[in-house]
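Q: The following block contains the structure, expressed as structure tokens.
The values are calculated or read from the model by the stated rules, or taken from the named source; none is laboratory data. From a predicted model like this one, the values you see are computed outputs, not experimental measurements. When we count neighbours, we look across all protein chains shown, and the Cβ atoms used for this are built from the backbone with ideal geometry, even at glycine.
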Amino acid sequence: MKRALAVVGLALWLLGVAPLPSATPRAISIVINGDVLPMQPPPRFEGGHLLVPVRRTIESLGLDFTKSGKIITTHVGARTVTLAIGSRIAHIDGDPVSMDAAAIEINDVLYAPLRFFTGVLGAQASYDRLAHQVTIVAQLVGRSGAGVTSTKHTIVRIGTVSAVDIDSDPPTVTLTYNASVRTIPIGSNASIEMHDVNANVTVPGELSSVRPGDFARITMLKNGHVTRVEDEYGSYQGRVAAVAANRFVLADGHVIAPSRTTILSINGAPAQIADLRVGDGATVRYNVETNEVREILVSRAVAAVAGPVTGPQIAGVSSSAVRPLRAGESVDVVLRGTPGASATFDIGPYVGNLAMSEGAPGSYSATYRIPAGANFFDVPIIGHLSLGAVQAPPVQAPQLLSASSTPPGVSGYAPAAGETVNTSRPAVYATFASVSVPVNPSSVLLWVNGRDVTADCVRTAQFIQYMPAYSYPNGTISVRVRVADLAGNTTTKSWSFIIRNR
């Protein structure tokens, strides 16, 4: 009911009727050396201390970032700086520097107080409470306008992907950062990692999964050989609930406002916002640095043609999919129609014009393998048939197809990693976010101190919650949660917190 009311409220606002004002706190912005840094996630207050995301800020200062276990390392000139998660002490070449709060991880994002950036990195930092803005000025460090960070052995380039050419030899990725544009050859042995910030999940991918508009970080050796491509993006999926002249609302309440550069298609054909209909399926992909919507892929069922049809005809289309598929699994598609023609099929707006071969007269078939990086939910398989220049009306298979190559993410959990609580019966929970295929509630398992407590939990596709029936002793409490989506992709998350009950 609450979700339905929220969607109605957003739809009314979208269509010109203002709902009640939101009480959402204003996000804190960061200005580094005069440039506003789009921060996802933003700084936050915890226990009265202002904490700033470490990796994004360090890299924006032009410094390298590595993490091994609970230790992160960066370099300022010839000095080596280390910081341990859970510690209030950082080290410069081994010498300790105290901070006013410990570095902590919240939802897998490492945060540190401003003292880390001033006392350790040699920067000047301040926080304007009225403007909700952190300002950092660093004279010794600062990324060049080309978005390049150089270390002893490697070069890291960052920027927005403006082009991906997988047909060139070798394939290339073009990055844009400020006014700098650089096309980088990508060798076949480079690792490709895809990170969806909404699900907070990183998985192996293929270069074809990297899209224009994504934010990318490319690591190469001094000789230019690329070793790693890290692609970051945000995405939403859902059904269209309301449409206006320049925006639309998804059923989960997200308001989507395209820009002039947004690419929108319906079943693979270019379209505009005005072409959308309530009930359409939509996948929205946006740039995590700018929050700009870059791509909207819309899937729509194909209506059957009424009345007699002349020329080639499709008698039916079917697929072998009976459940959501994982990367590496395959779906067989069969089209029955006029013999001696040319047949193809589309998978919603994601894959088009896949060729089919004719076996027995009038029976066309093909197999499609789900590639790494593919994520879609309940999209139609649409068959096409042509005889010479004459095309038959397209026909949709009765089975919708879902695929997921990204496991669900643990988007939140409590108590937080390293947190100290003063109750012997703390509530333990974890929330989940899936990229495309929903979470399977029966797959969710929870262990506390190595004991399976799932039977004592409340679990849904969105969360699992454990309220202890007995008291735990003081000390470290370990937690492990495992969750899978309906395609069988599994994620395990482990963390620990401390009970100090006086």
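Q: Among the listed residues V164, V197, V181, identify the single one that is modelled with pLDDT under 85 and aliphatic (A, V, I, L, M).
A: Among V164, V197, V181, only V197 is modelled with pLDDT under 85 and aliphatic (A, V, I, L, M).
Q: Sticking with this one: May I ask you to list the residues in the stretch 333-355 that are surrounded by fewer than 21 Cβ atoms within 10 Å (Cβ to Cβ) and either under 35 Å from the mean Cα position of the chain (by Cα) or closer than 16 Å to G388 by Cα (or both)? Break it down into steps so the answer makes sense when it comes.
A: As a first pass, look at the stretch 333-355 and keep what is surrounded by fewer than 21 Cβ atoms within 10 Å (Cβ to Cβ): 334, 336, 338-340, 342, 344, 350-355.
Answer for the stretch 333-355, where residues must be surrounded by fewer than 21 Cβ atoms within 10 Å (Cβ to Cβ) and either under 35 Å from the mean Cα position of the chain (by Cα) or closer than 16 Å to G388 by Cα (or both): V334, T338, P339, G340, S342, T344, Y350, V351, G352, N353, L354, A355.
Q: Which count do you get for residues in the stretch 46-86 that are in a strand (DSSP E or B) and of a type outside the set (S, T, Y)? Before the answer, list the steps.
A: Narrowing the stretch 46-86 to residues in a strand (DSSP E or B): 46, 49-53, 66-68, 71-76, 79-84.
So of that shortlist, the ones also of a type outside the set (S, T, Y) come out as 46, 49-53, 67, 71-72, 75-76, 79, 81, 83-84.
Here the count works out to 15.
Q: Turning to a different aspect of this structure: List the number of the failed condition for D100; all other conditions in (1) part of a strand (DSSP E or B); (2) touching a Pro at 6+ places or on another chain (Cβ under 6 Å); (3) not aromatic (F, W, Y) hold.
A: Condition (1) is where D100 drops out.
Q: Just one of (1) within 29 Å of P438 (Cα to Cα); (2) surrounded by 13 or more Cβ atoms within 10 Å (Cβ to Cβ); (3) polar (S, T, N, Q) trips up Q313, so point out which.
A: (1)
Q: Taking the stretch 449-471 as the search range and keeping residues that are within 20 Å of E419 (Cβ to Cβ) and surrounded by fewer than 17 Cβ atoms within 10 Å (Cβ to Cβ), which one is farthest from the chain's Cα centre (by Cα)?
A: S471
Q: Right, here's the next one. Please count how many residues of the stretch 448-471 are farther than 17 Å from Y413 by Cβ and hydroxyl-bearing (S, T, Y).
A: Result for the stretch 448-471: 2.
Q: Can you tell me how many residues in the stretch 482-502 are in contact (Cβ under 8 Å) with a residue 24 or more places away in the chain and in a strand (DSSP E or B)?
A: Total meeting the criteria: 12.
Q: Report yes if R502 is basic (K, R), modelled with pLDDT of 95 or more and either farther than 30 Å from V333 by Cβ or out of contact with any helix residue (DSSP H, G or I) (no Cβ under 8 Å at 6 or more places or on another chain) (or both), otherwise no.
A: Taking the combined requirement at face value, the residue does not satisfy it.
Q: Tell me, which residue of the stretch 238-253 that is outside any strand (DSSP E or B) and either touching a residue at least 60 places away in the same chain (Cβ under 8 Å) or of a type in the set (A, V, I, L, M) (or both) is nearest to R294 (Cα to Cα)?
A: The extreme case among them is R247.
Q: Select, from G213, G279, the only residue that is surrounded by fewer than 18 Cβ atoms within 10 Å (Cβ to Cβ) and not assigned by TED's automatic domain parsing to the domain that holds D64.
A: G279
Q: Further question on the same structure: Please enumerate the residues belonging to the stretch 225-237 that are in contact (Cβ under 8 Å) with a residue 40 or more places away in the chain and either within 11 Å of R157 (Cβ to Cβ) or of a type in the set (D, E) (or both).
A: V226, V229, D231, E232
Q: Of the residues in the stretch 194-210, how many are within 30 Å of A430 (Cα to Cα) and exposed (fewer than 15 other Cβ atoms within 10 Å of the Cβ)?
A: 1
Q: Do you know which residues across the stretch 183-237 are outside any loop (DSSP other than H, G, I, E, B) and basic (K, R)? Show your work before the answer.
A: First, pick out the residues of the stretch 183-237 that are outside any loop (DSSP other than H, G, I, E, B): 183-185, 191-196, 201-204, 207-209, 215-221, 226-237.
Hits for the stretch 183-237 are R217, R228.
Q: State all residues of the stretch 3-59 that are hydroxyl-bearing (S, T, Y), at pLDDT below 50 and within 25 Å of the chain's Cα centre (by Cα); if no residue qualifies, say none.
A: T24
Q: Look at I89 and say whether it is of a type in the set (V, I, T), surrounded by 13 or more Cβ atoms within 10 Å (Cβ to Cβ) and either within 11 Å of L51 (Cβ to Cβ) or modelled with pLDDT under 80 (or both).
A: no
Q: What's the total number of residues in the stretch 143-161 that are surrounded by 14 or more Cβ atoms within 10 Å (Cβ to Cβ), outside any strand (DSSP E or B) and either of a type in the set (K, R) or modelled with pLDDT of 90 or more (or both)?
A: Residues in the stretch 143-161 being surrounded by 14 or more Cβ atoms within 10 Å (Cβ to Cβ), outside any strand (DSSP E or B) and either of a type in the set (K, R) or modelled with pLDDT of 90 or more (or both): 1 in total.
Q: Checking A416 against (1) modelled with pLDDT of 90 or more; (2) surrounded by fewer than 18 Cβ atoms within 10 Å (Cβ to Cβ), which test does it fail?
A: Failing condition for A416: (1).
Q: Looking at the stretch 370-387, is at least one residue under 30 Å from S357 (Cα atoms), touching a helix residue (DSSP H, G or I) at 6+ places or on another chain (Cβ under 8 Å) and of a type outside the set (G, A, S)?
A: For the stretch 370-387, residues under 30 Å from S357 (Cα atoms), touching a helix residue (DSSP H, G or I) at 6+ places or on another chain (Cβ under 8 Å) and of a type outside the set (G, A, S): present.
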